[in-house]
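Shown next, in structure tokens, is the structure this report addresses.
The values are calculated or read from the model by the stated rules, or taken from the named source; none is laboratory data. For clarity, every value in this text was computed on a predicted model and none was experimentally measured. Every residue, glycine among them, receives a Cβ derived from its backbone with ideal geometry; neighbour counts consider all protein chains shown. These accessible areas exclude ligands, DNA and RNA; they are computed on the full protein's heavy atoms, side chains included. Shrake-Rupley method; radii C 1.70, N 1.55, O 1.52, S 1.80 Å.
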Amino acid sequence: MDPPPPARRRRGAEDRISSLPDELLHLILLRLPSIAEAARTSVLSRRWRPVWTHMPELVLPAPATTSPANLDSIDAVLRSSYAPSLHALKIDVSNIGQCHIPSHRVASWLSFASERLAGKLDVDLPWPSDSHLPRLRLDHLGQFVREMEEELALPLFERATEIDIDLGMNFFLRPPPVGSFAALTCLTITCAHMDGGELGRIVSSAQCPRLRKLWLSIIELVAACDVTICSGSLEYLYYSASETIKLEVTAPMLLEILVSDPKEAYIVAPKLEKVDWKGKCYDPGRHKFAVAPRHLRSLKIMYSTYFSTLISSTGLRQRFDAANELMVSLALLDGIEGYVNFLTDMDKLPACETLIIHLFRNNHAFAPIMLHLLRRCRCIRKLKLHSDWRIPPETGPCSTSGCPCLLPESYGMDGCTFDALEEIEISLFTGSTEEEEFVKLLLSRCNMVTLKSVGLTVPFVPVTSEIMEVVEGIRAICCPNTKVQFNVRSREVPKPSF
């Protein structure tokens with residue numbers, strides 16, 4: 001007997017999906033990629049027409065075009081939204097190329113958000129490409145930006161919990177003079193210019209009493225001045241603003257700080273755990289951690305020599321005695337003098353359990369550089385060696401005749417051993433003679449009972465038999481209880497970390 005034909009939906013039969021309450025329909029629409037996709041559901045039936053206009057989250061990407069007319073769709077969606085309260089609003093027009101977005105248009109978006117938002121705001125405006133920027137000296141860039149920018153008033157957001165605004169190079173941001181961002185916990189501002197006094201005021205406890213995370217990336221203050229950040233709730237701070245004379249930070253709850261090159265600094269942070277000092281130089285005479293622990297969870301030290309220009313934060317070693325995790329970023333491009341200065345400036349390092357070495361550029365022998373640092377960190381439990389994935393540094397012999405890195409004593413270990421070392425991780429391992437010699441010399445000084453793992457990651461190149469021969473030679477040195485892992489890096493570009 002043949003099966004009965006499938007039942008057809010009778011005209012006037014109940015539409016169970018459409019009969020769901022708006023709250024559940026909103027959850028369905030929120031799974032769509034954008035508000036434009038949600039708006040298209042209005043053609044399904046009369047019941048669906050108003051549903052998208054009451055959605056609690058709006059995601060508004062602009063078409064990838066330089067036509068300003070296409071931005072009208074964003075304005076139309078905001079005018080059509082009747083949701084009394086939004087959990088999230090995202091306006092991303094970063095992909096529209098060189099289309100100029102006037103301040104009054106951005107101001108209308110911010111005004112809408114200030115009235116409706118009770119959650120996260122994310123606004124991304126376009127930055128000009130290199131081909132559209134004049135070739136200017138760095139000290140002339142600020143003047144060029146000032147000539148093309150407009151003032152933009154930031155309204156008061158009383159209910160927003162997170163604000164992330166990237167305004168590109170076109171705006172001088174003016175925060176509100178009074179009022180409180182009462183619910184705000186995370187604030188990220190990337191823009192061309194701000195006033196130093198206004199900047200300090202908006203992030204103070206008076207205007208942001210619940211602020212925990214603050215990221216400030218300002219091309220330049222409108223005038224060189226001091227900036228004061230005083231917050232009783234702040235836990236994370238990234239600060240970069242050219243023309244900052246003195247940065248004063250008083251934050252009793254601050255755990256992490258990343259600072260880029262103020263002329264002076266005075267920091268009071270009794271609970272500080274992580275320090276990353278970016279920029280040209282950390283000078284203990286001008287940059288003071290007046291109140292901070294001497295033992296950190298994480299400390300990053302930079303050292304770079306490039307055409308006799310020194311970038312160094314090694315002065316941090318005078319302020320902090322120890323760190324659970326010590327990160328050392330190196331770029332050694334100068335000749336003999338640069339290498340000798342490296343040996344002197346990096347003669348002492350804070351005690352640490354984990355040593356992470358990032359070698360970005362290098363014109364010298366690989367092994368002596370690594371050994372010089374390791375001789376100063378004999379009690380480490382973990383060692384991680386990383387390189388720039390875009391341009392792996394040279395790991396072969398130095399080409400500078402007479403350089404101290406070529407001397408036999410540069411490969412000496414001074415009788416030191418690494419009895420506590422448990423994990424070794426080397427990324428962008430190429431299997432060069434220098435790398436092989438270094439790894440084998442290091443393993444000869446390890447306690448093989450303690451050593452648990454050795455990880456070698458080859459960059460995305462064909463894995464040759466020569467590399468595999470080196471790997472097998474390293475594996476033969478290790479004890480059976482030591483796990484030797486061999487990996488090949490994927491071709492995916494790694495995402496930057498925050």
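Data table
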{"read-out": "Criterion violated by Ala420 - all others in (1) crowded, with 18+ Cβ neighbours inside 10 Å; (2) in contact with a Lys or Arg (Cβ under 6 Å, 6 or more places away or on another chain) satisfied", "value": "(1)"}
{"read-out": "Given (1) over 18 Å from Val454 (Cβ atoms); (2) under 23 Å from the mean Cα position of the chain (by Cα), number of the condition Lys384 does not satisfy", "value": "(1)"}
{"read-out": "Counted residues, the stretch 225-244 - those being farther than 13 Å from Leu199 by Cβ and open to solvent by 10 Å² or more (accessible area, probe 1.4 Å)", "value": "5"}
{"read-out": "Some residue of the stretch 396-406 being modelled with pLDDT of 85 or more, under 22 Å from Arg445 (Cβ atoms) and open to solvent by less than 20 Å² (accessible area, probe 1.4 Å)", "value": "yes"}
{"read-out": "Helices (runs of 4 or more DSSP H) completely within the stretch 72-155 that count 1 or more residues being of a type in the set (A, V, I, L, M) and modelled with pLDDT of 90 or more", "value": "103-116"}
{"read-out": "Filtered residues of the stretch 365-395 (kept if at pLDDT below 85 and either of a type in the set (Val, Ile, Thr) or in contact with a Phe, Trp or Tyr (Cβ under 7 Å, 6 or more places away or on another chain) (or both))", "value": "Asp388, Ile391, Pro393, Thr395"}
{"read-out": "Count of the stretch 248-267 residues which are out of contact with any His (no Cβ under 9 Å at 6 or more places or on another chain) and at pLDDT 95 or above", "value": "11"}
{"read-out": "Out of Thr464, Thr450, Thr433, sole residue that is of a type outside the set (Asp, Glu) and under 19 Å from Leu385 (Cα atoms)", "value": "Thr433"}
{"read-out": "Members of the stretch 404-451 found to be in a helix (DSSP H, G or I) and free of Cβ contacts under 8 Å to residues at least 24 places away in the same chain, listed by number", "value": "Pro408, Glu409"}
{"read-out": "Residue in the stretch 166-180 that is part of a loop (DSSP other than H, G, I, E, B), open to solvent by less than 10 Å² (accessible area, probe 1.4 Å), modelled with pLDDT of 95 or more and among the small types (Gly, Ala, Ser) present", "value": "no"}
{"read-out": "So Leu258, is it farther than 23 Å from Met302 by Cβ and hydrophobic (A, V, I, L, M, F, W, C)", "value": "no"}
{"read-out": "Test: Leu310 is under 21 Å from the mean Cα position of the chain (by Cα) and of a type outside the set (S, T, N, Q)", "value": "no"}
{"read-out": "Residues located in the stretch 233-267, provided they are closer than 15 Å to Lys278 by Cβ and part of a loop (DSSP other than H, G, I, E, B)", "value": "Asp261, Pro262, Lys263"}
{"read-out": "Residue that is under 20 Å from Ile424 (Cα atoms) and at pLDDT below 90, where the choices are Val454, Val493, Val488, Val461", "value": "Val488"}
{"read-out": "Top-ranked residue in the stretch 274-301 [being assigned to a loop (DSSP other than H, G, I, E, B) and within 20 Å of Leu216 (Cα to Cα); ranked as least open to solvent (accessible area, probe 1.4 Å)]", "value": "Tyr282"}
{"read-out": "Selection within the stretch 292-329 - of a type in the set (A, V, I, L, M) and either more than 18 Å from Met370 (Cα to Cα) or out of contact with any Pro (no Cβ under 9 Å at 6 or more places or on another chain) (or both)", "value": "Ala292, Leu296, Leu299, Met302, Leu310, Ile311, Leu316, Ala322, Ala323, Met327, Val328"}
{"read-out": "Set Cys191, Cys225: member being over 19 Å from the mean Cα position of the chain (by Cα) and more than 22 Å from Ala292 (Cβ to Cβ)", "value": "Cys225"}
{"read-out": "Test: residue in the stretch 268-285 that is among the aromatic types (Phe, Trp, Tyr) and either at pLDDT below 95 or under 21 Å from Phe172 (Cβ atoms) (or both)", "value": "yes"}
{"read-out": "Residue within the stretch 361-376 that is closer than 30 Å to Leu255 by Cα, open to solvent by 70 Å² or more (accessible area, probe 1.4 Å), of a type in the set (A, V, I, L, M, F, W, C) and not in a strand (DSSP E or B) present", "value": "no"}
{"read-out": "Count - residues of the stretch 302-347 that are outside any helix (DSSP H, G or I) and buried (at least 18 other Cβ atoms within 10 Å of the Cβ)", "value": "19"}
{"read-out": "Residue within the stretch 267-276 that is farther than 18 Å from Lys213 by Cα and touching a Lys or Arg at 6+ places or on another chain (Cβ under 9 Å) present", "value": "no"}
{"read-out": "Single unsatisfied condition, Gln207 versus (1) free of Cβ contacts under 8 Å to residues at least 60 places away in the same chain; (2) farther than 28 Å from Phe112 by Cβ", "value": "(2)"}
{"read-out": "Lone qualifier among Leu214, Leu199 - being open to solvent by less than 20 Å² (accessible area, probe 1.4 Å) and part of a strand (DSSP E or B)", "value": "Leu214"}
